[in-house]
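Below is one structure, written out as structure tokens; comments come after it.
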Amino acid sequence: MQQGDRPFVLADSLGQIVAINSAFEQAYGWRDQQLRGKSLSVILPAAFQMSHQLGFSRFQALEISTILAHPLRLKTVCVDGREVVSEHFIVAEKIGGAWVFGATLTPLPDQTPTDA
Amino acid sequence: MPDTPPLPPSHPPEGEQGLVAELRRTLGRLDSALGQIREALVLVDAAGQVIWSNAAFDGLVGKRRLEILGAGLHRVLPLNHVGEPILTIEQTRGANQNSGMLNAILSELPLQALEVEWHPVLTEEPNPLMFSFRDVSDRLALATQAMKCSVTGLLNRRGLLERIQTSLHHLRRQPGLVTLLFCDLNHFKQVNDLYGHHVGDRLLNRGRPTSARKHSP
């Protein structure tokens with residue numbers, strides 16, 4: 001995924017960004033060093049951040065999610081503050097007792113409605 | 001008595017990362033608990049945009065969480081029984097430091113009523129607002145029953161005064177017509193005296209306006 005041509009972001013069990021690939025950098029303008037160690041909520045619109053943090057926390061407590069492993073059309077915040085509608089496909093895997101989260105993001109045309 | 005060793009913490013501290021993980025689990029439990037309760041809860045930011053809701057709220061408005069987040073609360077809420085918004089845009093905007101409460105009737109038949117309550121959340125400036133929505137249909141149905149005549153089902157004196165007050169209030173917000181139909185049955189007492197109250201009751205039921213008969217339970 002990290003070598004692929006589809007934007008990809010990897011996060012650790014706390015929801016901190018571990019890596020993005022170069023396709024992600026090109027699509028949204030962020031550089032890897034700007035996002036590494038930051039919360040995933042940085043790339044989400046402000047109105048989604050609280051719900052994201054609580055949803056992430058709920059997953060930590062229950063290990064049940066309603067958003068994993070199916071496509072979601074959501075807005076992604078670019079480095080310049082623009083919000084781009086993208087199709088997010090998020091997966092989670094437990095590695096060595098800790099969850100790791102990966103998501104591919106596909107930017108969609110401007111007029112595409114979001115699930116939000 | 002032997003010394004009891006202290007219980008190990010359920011999640012041993014692992015520095016800052018361990019603390020964050022524990023806080024996340026705590027928040028997750030709280031969020032999950034709020035998701036289980038029957039009361040619909042929603043938090044809006046200073047612009048009146050939804051930033052959090054529980055499952056009961058999602059059910060109330062009939063939308064998925066992702067459809068609600070970021071939307072204006074007044075646009076998400078169902079309209080009342082006369083097609084007006086339950087809350088004004090101003091009422092749903094944060095930065096409002098006043099608490100409030102109101103009742104909203106979503107439909108008359110069957111009666112579906114909500115008690116809406118809101119409070120400022122003083123965590124930041126401008127402050128968010130937390131709204132709660134309680135189903136008070138049963139409570140209101142009982143109160144409505146107390147405002148009706150047990151024989152005819154028409155409004156009694158208390159109900160009539162309440163209805164006039166509501167209609168005049170509605171008229172002030174939206175100009176239109178309020179119609180009051182006055183009926184007087186002459187010499188009705190003689191019917192009761194001659195034939196008994198059960199016949200008088202039947203006569204009253206025959207004499208009530210057709211539309212009221214149609215709409216009375």
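Structure summary
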item: Neighbours by Cβ (under 7 Å, 6+ apart or cross-chain): first from segment B:167-181, over 17 Å from B:Ile105 (Cα atoms); second part of a helix (DSSP H, G or I); result: B:Val178/B:Ser167; B:Val178/B:Leu168; B:Val178/B:Leu171
item: Conditions (1) under 30 Å from the mean Cα position of the chain (by Cα); (2) part of a loop (DSSP other than H, G, I, E, B): number failed by B:Leu185; result: (1)
item: So A:Pro107, is it in contact (Cβ under 8 Å) with a residue 60 or more places away in the chain, more than 10 Å from every other protein chain (Cβ to nearest Cβ) and of a type outside the set (Ser, Thr, Tyr); result: yes
item: Subset of segment A:48-78 that is charged (D, E, K, R) and under 13 Å from B:Arg29 (Cβ atoms) - its residue that is nearest to the other protein chains (Cβ to nearest Cβ); result: A:Arg58
item: Residues of segment B:175-194 satisfying the condition of being closer than 26 Å to B:Leu102 by Cα and surrounded by 10 or more Cβ atoms within 10 Å (Cβ to Cβ); result: B:Val178
item: Meets criteria (within 15 Å of B:Val20 (Cβ to Cβ) and among the polar types (S, T, N, Q)) for A:Ser41; result: yes
item: A:Phe59 touching a Pro at 6+ places or on another chain (Cβ under 9 Å), surrounded by 16 or more Cβ atoms within 10 Å (Cβ to Cβ) and touching a residue at least 24 places away in the same chain (Cβ under 8 Å); result: no
item: Verdict on B:Leu23 being away from every other protein chain (no Cβ under 12 Å) and either modelled with pLDDT of 95 or more or surrounded by fewer than 18 Cβ atoms within 10 Å (Cβ to Cβ) (or both); result: no
item: In segment B:135-148, residue nearest to B:Arg158 (Cα to Cα) [restricted to those that are in contact with an Asp or Glu (Cβ under 9 Å, 6 or more places away or on another chain) and part of a loop (DSSP other than H, G, I, E, B)]; result: B:Met147
item: Residues being more than 14 Å from B:Thr144 (Cβ to Cβ), polar (S, T, N, Q) and modelled with pLDDT of 80 or more - total across segment B:154-174; result: 2
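The values are calculated or read from the model by the stated rules, or taken from the named source; none is laboratory data. Here the structure is a predicted model, which means the values were calculated and not measured. Reconstructed Cβ throughout: ideal geometry from the backbone, glycine too, with neighbour counts over all protein chains shown.
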